[in-house]
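None of the figures in this text is laboratory data; all of them are computed from the coordinates on show. Note that this is a predicted model, so its numbers are computed, not measured. Here the Cβ positions follow ideal geometry from the backbone for every residue, glycine too, while neighbour counts run over all protein chains shown.
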Amino acid sequence: MNYSKIKIAAQLLVAGAFLITAGQSYGVTYNLRAGVTSKTMPDGTVVPMWGFADDTTAGAGLGTVVVPGPALTVPPGDTTLTINLNNTLPEDVSIVIPGQYGFVRTANESVDNDSAGPYAGRVKSLVHVAPALGGNAAYTWNGIKPGTFLYHSGSHAAVQVQMGLYGAMTAVVDASHAYPGVAFDSSVTLLFSEIDPDVHAAVAGATYGPGPSFQDAELAAVSASIYDGLHAATDPTYAYLYSLLDPDLQASLLAGTGDHAALVSTAISELLGGSSIYNPDVMLDSMLSAATMDALWSAPEVNQPTSPVLNNGFMVRLNRLLLTDALATASPAVVLPPVNTMTSTIRSYAQYFLVNGEAYNGIIGAGGNNIFPSAGLLPGSRVLLRMLNAGMDSHVPTLQNGGDLQFVAEDGQLAPYPRNSYSVFMAALKTVDAIFVAPALPVGVASQLYAVSDRRLGLVNGTMPLGGMLAYLNVGAAVVPVNPMLVVSPLNLSFTATVGGANPANQTFNISNGGSGALSGVSATVVTGSPWLTTSGGAGVGPVTVSATVGALAAGTYNGTISVAATGDTGVTGSPKTVSVSFVVVAAPVLVVAPTSLTFNAALGGLNPASQTFDISNGGGGTLSGVTTTVVTGSPWLTTSAGAGAGPVTVSVNLASLPVGTQPGTTVPGAITVSAAGVTGSPQTVNVSLNLAALSTPLIVAIDTQINTGGNANVGTTHVMTGIPAGALLVLTTQNQYDGVTAGEQDCNVTSGGNLTWTRRVDAGSTSHGGSAEIWTAPIPAGGVTGGTVTVLSRWGTARAQSSVCYVVTGQGGFAALPVAANTANNQSAPSVSITTTRANSLLFGVTSDYNHIDGSTRTYLDTATERLYFNQPGVTTAYHFTAPAATIGSYTEGLTAPTGQSAGTAVMEVRHP
Amino acid sequence: MSANTQRDSQQKRTNVKSTILKLWTGSLLSGLVLMAGGARAEWLNQTTADALGNHLVDGVTGPAFTLTAKEGHISTAEGSAVYIWGLATNSGPTQYPGPTLIVNQGDQVTVTLNNTLPFPVSLVFPGQVVSASGGSPGLLTQEATTGPVTYTFIASQPGTYAYNSGTRQDLQIEMGMTGALIVRPAGFSPSNKATWKGYNTTDSAFDQEFLFLLTEMDPNIHADVEHQMLANPTASPVIDTTTHFANYWFINGRTAPDTMMIPGSKALPAQPYDAFPMMHPNQNLLMRMVGGARDPHPFHHHANHARNIARNGRVLQSTPGGPTADLSYLTFTIPTYPGETTDAIFTWTGAGLGWDMYGHAPGSPTTPYNAVTNPDGLRANEDPHDHGKPFPVVLPTEQDVDFGKWYGGSPFLGTPAPLPPNIGGFDPTGAFLYMWHSHAEREIVNNNVFPGGMLTMLLIEPWAN
């Protein structure tokens, strides 16, 4: 790594007095060289690789080409990274760092295409390139973000990344924080990648790439002719080249002697002689003339370098040989193309799986090449595990027996919440950061290894088991450093306070010596720019008290840092350390209630109105607490839900609890008080208005129908009514059928019980047919019904069928006005009966019992009656229960016009409006 | 639901499975199916349904287990037999996948591994801190050669976990040594459905529970291993696993349509676990997804999204130990990574379809359905917006339509309708069926025969009336 001059100056400053402050920015520069190297796999296979070297000076060539490339680190405080790239490879190369958004674009980033040739217009690179064979390029990123990133070639990436042009680029917030709020003590990098040796061999052997390519139709035709004529049934791309280069010609070319054009012509002529497939005219014109042939063959790749790089078919290769010879280069390298050409990485199968550039050598423990770090991690320390996947396949590194890893970041982005897991799925080119808390060592054990293995099973070296992508995290016994070591814990503090409120309680961090000797020259200094942050202590080991002062701070989050350093000893380690302090100042809570008035509408004697709500909320910051919600005394009809904090409060009205004597047509006021001690805006009042109207008509608030058929047993049917309001009247319409035995009318039998007294009000019976249609009533006693329910028993003597309807009626005229109007009739055709009402807005209740049991499936009611129950038991009885409004005082005829042929009794009763 | 209808419901499930199996596999297996469900202690030793027929995962309860690595063969639905190295409970028959180990949170779990194979084997339990005794040291843990190894750990956190071989994983996992470990949260009781939860969170409660352990195999590797084992029964086979190319895909060790065959079928002696999820509308179905082999599989469940509540046995929540999975999220494809697990809660109500899947007529009152479940008169979680909306398509006449085996004769849930002779038959209860399968659709074949592979059906049974 090389720092620019300004950077070096900054470092000196830092080392001297730790005066680095926000606002300054520095750059770091690396001089990388892309070049060729090789790796020897544990099974002995030597794989050609491409990699990067770290040169101290651009072009100096002092570094060693390594895979993965040099670890690029940008120190805290630096914001700019520059890479000067020198490229010695035979392909154009570039560098990209996905996730670092401050890349400084040059003018022509996106136009780096082939300007001519068969692939003109094709994008070759994501960014500008360092041209092949010695070219240079510079790349700069501003605003470097902390995190773990991969850098890799952005040119022909399908090959170049696979060949080894990748590495890790990292930056931290400060020496103790990888990301804001993510403290760590040490870090381990695990960079995963793969090797398909066939790809590497093909690239190194210049047999990687697309097959024959011709620029004009004539060449294509010639190629096809020769190919077809010589090897009609075989395919290898270079088969015709082998044939073309007959021994004489090859020898001549290798020796660099002879009339090559003539030799080639002769060879082709001989090889093609007698073939009837090719077009002789084409061959004669273009092949048998040496001059034409030279011109023709020179066309495609005149400027092709002498090293074996591209193969565009035999024409190109032959041309290269001829050119080489023509230039009189000594001993030109004639490379016969191998048969096992690789045209792309689409069928690549990785054979070797690397961690940090090495395939595991299968040795467990000492001697293993996969133990990280070699020195051992301190038990209990927080290890930042940087994992990067530079391979083309996905991998699933899995920790064995080490507890949970805490995953804190992905692709260099801090996760909003850490996730605990023993493994992680890593797609190609993914980076992941996790915190590994090094487990304690068992008593008497000096070090322990924790395996991290690829659950996608890249755990072999070729066909050899015990290899591949297996790393061990090395947790070692705490070795006391020979020098003093600065240890600070914790490295994160967080305060919370309210605007204008009390200062938060003080907190502490501890300074201790993790090494030998005495720690001296200790200082804990608040970095300029955080006047709200103060410390006391910190001149030596021991606790340092940290205070946060609210003062006049507005709401917001304030971040400050405390720099802890020990400068008294030359050999001190772990210095400096940085403690991050965050101070969240929230606005004071404000009690807000909405709406502040509620209006209920109800009819006196009717149903309770639906509940309503108002909301309690915090219009400020922080937490709203100590909220109480109370109904102002004097409104027993008004109740609320708890209302002990933010959220909706339900307000209910119970008409039964209204004061005695409350009149319809009035508005009853009430109020609810919401308060929170010491909170702005407290108390708040919600005014409640209850508008009471009179009931417009008797109101049926509950209804139940019952039918009982079959058998002659004296069994009743039961109506169970609940929630009966005060002042209500129970009305029961009931009918039963003659039992065929007993003489005379068979009356219904409704039993009074408890504090409920039933009275038969209307009775339409037939002595000739024995059945009965009746209406009974029972007032609700003043004290209500015990238990809140009422049971109405309706039964018939020994009749054969019976039906009844029980109504709960409110808003009725009351029994002081008895007798109610009622009437009965016995009809032989369609039943009807007339009744003269005594008040406006009354409600009529009726029941018809047909002893002739005519089928009433098609039936028509008189007036505006509403059917409440229809019941037909063929051969026994038919019954109709109904109600009808009666708006004005007068005569009403109720009953049915169809079906006819009935022998019916009909009972009708008026329940009056008050 | 009365006692009678409870029994009916259970019986119905069994009938449906039997019917489906018989019709899909034809006469070859139908005789065997009826014999299924005999002694089953090797792979199942617990109650897997409550009195109402609600399902729990099949498996073996702990906390002490004895497993034996053992060779054998499995069947694939297109008719092949594949050689495996499986795991048996005690000295029972080998099975694929290994027994589903079910323990309770806080248990001290011991797994004793015996080995009948001529090379070392071992087991690892990612997510647990394991101590091993016996055997000889290996790369990841102690390995069993001739004598057994005992693995011990405290099942400290509830959840779904994978376990598998820790020795030559690239081959032994491929050959079949993989399985699932389920840790029940504290307070869980199989007989008390009120305690059925995946985690100690309120939103992990479920009515039905199913395991989906997804694996794949390269049959060429298995054939090669079998040949080498036959030629030299005492040597460790030499296999290149880097050219692995899968051509079989499994759910719980079975390929479709065997996934829907009853558990413990004697037609599949080494593959006891089925993968046939069933539920009633508005129930919560806990999907326990496990990646068991080497490739990731995108598991796509038709019918509805599912809420992902946990990964790798850890609840997705902002505060560990909090009351809910507040970082949960909905997906309709669950990427199941090798060695990793996902828990998701799936539910289905029919709400939002835009038509009344119960077939109520326009204007049909809600009252007659009071008795079914809901006090508001709607069917179980029927969408009130869709109540009474007719099915929007006029069904073709019999002459114009070809009936599928899954068709109940009616588009309405719980309404089977008359069908022509020999038509239908898989759906005698008018249930809805949805395909659940790998969304890498290359994986729903059996050795290139479609359909098959990583595929099953979700059966939504109507509530009993």
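Let me check I've understood the local charge: for B:PRO298, count other residues with C-beta under 14 angstrom from its C-beta, Lys and Arg +1, Asp and Glu -1. What total comes out? For residues surrounding B:PRO298, the net value is -4. Each residue of the range A:846-852 is assigned a 3J(HN,Hα), and the resulting list reads x, 8, 10, 10, 9, 7, 8 Hz, derived from the Karplus form 6.51 cos²θ - 1.76 cosθ + 1.60 (θ = phi - 60°), x at Gly and Pro.
Go through A:THR525, A:LEU470, A:PRO481 and say which Cα lies farthest out towards the positive end of the charge dipole of the range A:389-544; charges sit on Cβ, +1 for Lys and Arg, -1 for Asp and Glu. The one lying farthest along the dipole's positive direction is A:PRO481.
Peptide B:288-298 shows a mean partner chain C-beta count of 2 within 10 Å per residue C-beta.
Here the 3J(HN,Hα) profile of the range A:158-167, calculated from phi with Karplus coefficients 6.51, -1.76 and 1.60 at θ = phi - 60°, is 4, 9, 5, 5, 4, 6, x, 7, 8, x Hz, Gly and Pro shown as x.
Taking every residue in B:117-124 and counting other chain Cβ atoms within 10 Å of its Cβ, the average works out to 1.
When the Cα gyration tensor is reduced to axis lengths a ≥ b ≥ c, the ratio a/c is 1.5 or higher for the range A:376-440, and with a/b above b/c it is classed as prolate. Counting, for every residue in B:167-174, the Cβ atoms of other protein chains within 10 Å of its Cβ and taking the mean gives 5. Projecting the Cα atoms of B:PHE119, B:PRO451, B:ASN422 onto the dipole axis of chain B, where Lys and Arg carry +1 and Asp and Glu carry -1 at the beta carbon, places B:PHE119 farthest toward the positive end. Counting beta carbons within 10 Å around each of A:VAL593, A:VAL731, B:VAL393 and listing the fewest first gives the order B:VAL393, A:VAL593, A:VAL731. Note that the range A:614-630 has calculated 3J(HN,Hα) couplings of 10, 10, 9, 9, 9, x, x, x, x, 10, 7, 9, x, 7, 10, 10, 9 Hz, one per residue in order, obtained from phi through the Karplus relation 6.51 cos²θ - 1.76 cosθ + 1.60 (θ = phi - 60°); glycine and proline are x. Computed over the range A:486-586, relative contact order equals 38 percent, with contacts defined as Cα pairs under 8 Å that lie 6+ residues apart. Counting neighbouring Cβ atoms within 10 Å and putting the fewest first, the residues A:LEU85, B:LEU285 line up as A:LEU85, B:LEU285. By the count of neighbouring beta-carbon atoms within 10 Å, fewest first, A:ASP615, B:ASP343 end up ordered A:ASP615, B:ASP343. Taking amide H positions as modeled 1.01 Å from N, with prolines and chain starts lacking one, the residues under 5 Å from B:HIS73 and 5 or more places away or on another chain are B:ILE84. Net charge of the neighbourhood of A:ARG33, taken over other residues with C-beta under 11 Å away and scored Lys/Arg +1, Asp/Glu -1, is -2. Could you pull out the pairs from B:LYS193/B:LYS266; A:LYS39/A:LYS430; B:LYS266/B:LYS405; A:LYS124/A:LYS430 whose alpha carbons sit more than 27 Å apart here? Long pairs (Cα-Cα over 27 Å): B:LYS193/B:LYS266. Each Lys or Arg adds one and each Asp or Glu subtracts one; over the other residues with Cβ under 12 Å from the Cβ of A:PRO197, this totals -3.
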